[in-house]
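Bear in mind these aren't lab numbers, they're just calculated from the coordinates by the rules spelled out. Given the structure is predicted, the values throughout are model-derived calculations rather than measurements. For neighbour counting, all protein chains shown are included, and Cβ atoms are generated from backbone atoms with ideal geometry for every residue, glycine included.
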Amino acid sequence: MSAAHSCIFCKIVDKSIPSKKVYEDEEIYAFHDINPWAPIHFLVIPKAHIPSMLHLTTEHQALMGRIMALIPQLALEQGCNPYPEGGFRVVCNNGTEGGQEVHHLHIHVMGGPRPWLRG
Ligand code: 5GP
Ligand code: ZN
């Protein structure tokens, strides 16, 4: 609970910090990254405070499956070009050595015409 209270993405979920919403349902929230690396760059997160993929258990299988199946739909809705010339990149950083800065599980979805700022 205390982790959730100090977590910036929990605050985005409870709307105490504003964000540009891409998608929302009972257990998933998606919003534009504040510092995009690509023409299209949004984050998909579970509403529940799960710090990283290393905290996933079997009880999260359906949720993570829903997130992965949702991503291509949202990517196309946000303007990513069709496969195979278009497409999108998915990145999930886990832990400090994994490059994770915000410790609430999130999947980066990036797309659009290149070049991109990073990658
Ligand atoms: P990480 O390095 O943890 O994988 O990525 C964290 C991402 O969250 C970064 O790309 C960063 O730009 C984004 N971010 C950090 N704070 C905020 C915020 O307050 N609002 C939004 N929309 N994105 C944020
Ligand atoms: Zn959180």
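Structural remarks
- Helix-derived mean residue ellipticity, 222 nm - over the chain, DSSP H n ≥ 4, -39500 (n - 2.57), to 500: -6500 deg cm²/dmol
- Among the trypsin sites (Lys or Arg not before Pro) within region 1-42, those in coil by DSSP and having at most 15 neighbouring Cβ atoms inside 10 Å are K15, K20.
- Contact order normalised by residue count of region 1-112, Cα under 8 Å, 6+ apart, percent: 30 percent
- Listed residues C80, L43, L105: farthest to the positive end of the dipole of region 22-119 (Cβ charges): C80
- Partners for K11 among aspartates and glutamates (Cα-Cα distance below 20 Å; same-chain residues under 8 apart left out): E24, D25, E26, E27, D33, E101
- Here region 88-119 is scanned for amide nitrogen atoms under 17 Å from the site 7 Å beyond the Cα of C7 along Cα-to-Cβ, giving 92-96, 100-108.
- Sparse-neighbourhood loop sites, trypsin sites (Lys or Arg not before Pro) in region 59-119 - DSSP loop, at most 11 other Cβ within 10 angstrom: R118
- Under 15 Å, Cβ to Cβ, from P18 - net charge with Lys/Arg +1 and Asp/Glu -1: +1
- Along principal axes, Cα extents of the chain, largest first, whole Å: 43, 29, 28
- Order by protection proxy (mean Cβ within 10 Å, highest first), peptides 105-115, 49-59: 105-115, 49-59
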